[in-house]
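The structure under discussion appears below in the form of structure tokens.
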Amino acid sequence: MVMASTSAPNYALKVTMPQIMRNVGFKSQTAQLLTAPPYICGAITAIVVALYADRSTRRMLFIVASQSLLIIAYAVLFVTPDQIASKVAVCYLCVLFACIGIYPIIPTCLVWTINSLANVDKRPTRIAFIMCMDNTPEC
């Protein structure tokens, strides 16, 4: 359920991030280049969160923190669509926080689910089902 709730914002951000950058006032090529740093920060955060969540074995704390950051980032982006050109730094920072919030959730939830499955023989089928349900909002 948590993974599916993260998939829709994940795909929405992937599709709309270049348009958000264009609305800020950047040209098309510059807008595409400005989408790279949030993805890089999201990837680094996913790795760091995975390491700390695995060491602490308290994955729910990291999932809730990431979801909270994601909700705050989307709330600010939702409130400021008319002022996006005048608040470039705020909007870009919110896009950055959205990527930092989105990308650690899916691997953390997947590992948590895998570790919760008792029957080793049924794990591959359950993992495939979970990933299928995670990708459903894309359709």
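Since every read-out is calculated from the coordinates, none of them should be taken as a lab result. Quick caveat, the model's predicted, so the values are computed rather than measured. For neighbour counting, all protein chains shown are included, and Cβ atoms are generated from backbone atoms with ideal geometry for every residue, glycine included.
Hey, among Gln29, Gln19, which residue is part of a helix (DSSP H, G or I), without any contact (Cβ under 8 Å) to a residue 24 or more places away in the chain, touching a helix residue (DSSP H, G or I) at 6+ places or on another chain (Cβ under 9 Å) and not hydroxyl-bearing (Ser, Thr, Tyr)?
On the way: Gln29 fails: touching a helix residue (DSSP H, G or I) at 6+ places or on another chain (Cβ under 9 Å).
Exactly one of Gln29, Gln19 is part of a helix (DSSP H, G or I), without any contact (Cβ under 8 Å) to a residue 24 or more places away in the chain, touching a helix residue (DSSP H, G or I) at 6+ places or on another chain (Cβ under 9 Å) and not hydroxyl-bearing (Ser, Thr, Tyr), namely Gln19.
Between Ile47, Ile40, Ile100, Ile71, which is out of contact with any strand residue (DSSP E or B) (no Cβ under 6 Å at 6 or more places or on another chain) and surrounded by 15 or more Cβ atoms within 10 Å (Cβ to Cβ)? Before you say what the answer is, go through the steps one by one.
Working: Ile47 fails: surrounded by 15 or more Cβ atoms within 10 Å (Cβ to Cβ); Ile40 fails: surrounded by 15 or more Cβ atoms within 10 Å (Cβ to Cβ); Ile71 fails: surrounded by 15 or more Cβ atoms within 10 Å (Cβ to Cβ).
Exactly one residue qualifies, and that residue is Ile100.
Could you check how many residues of the stretch 56-101 are within 15 Å of Gln19 (Cα to Cα), among the β-branched types (Val, Ile, Thr) and in a helix (DSSP H, G or I)?
2
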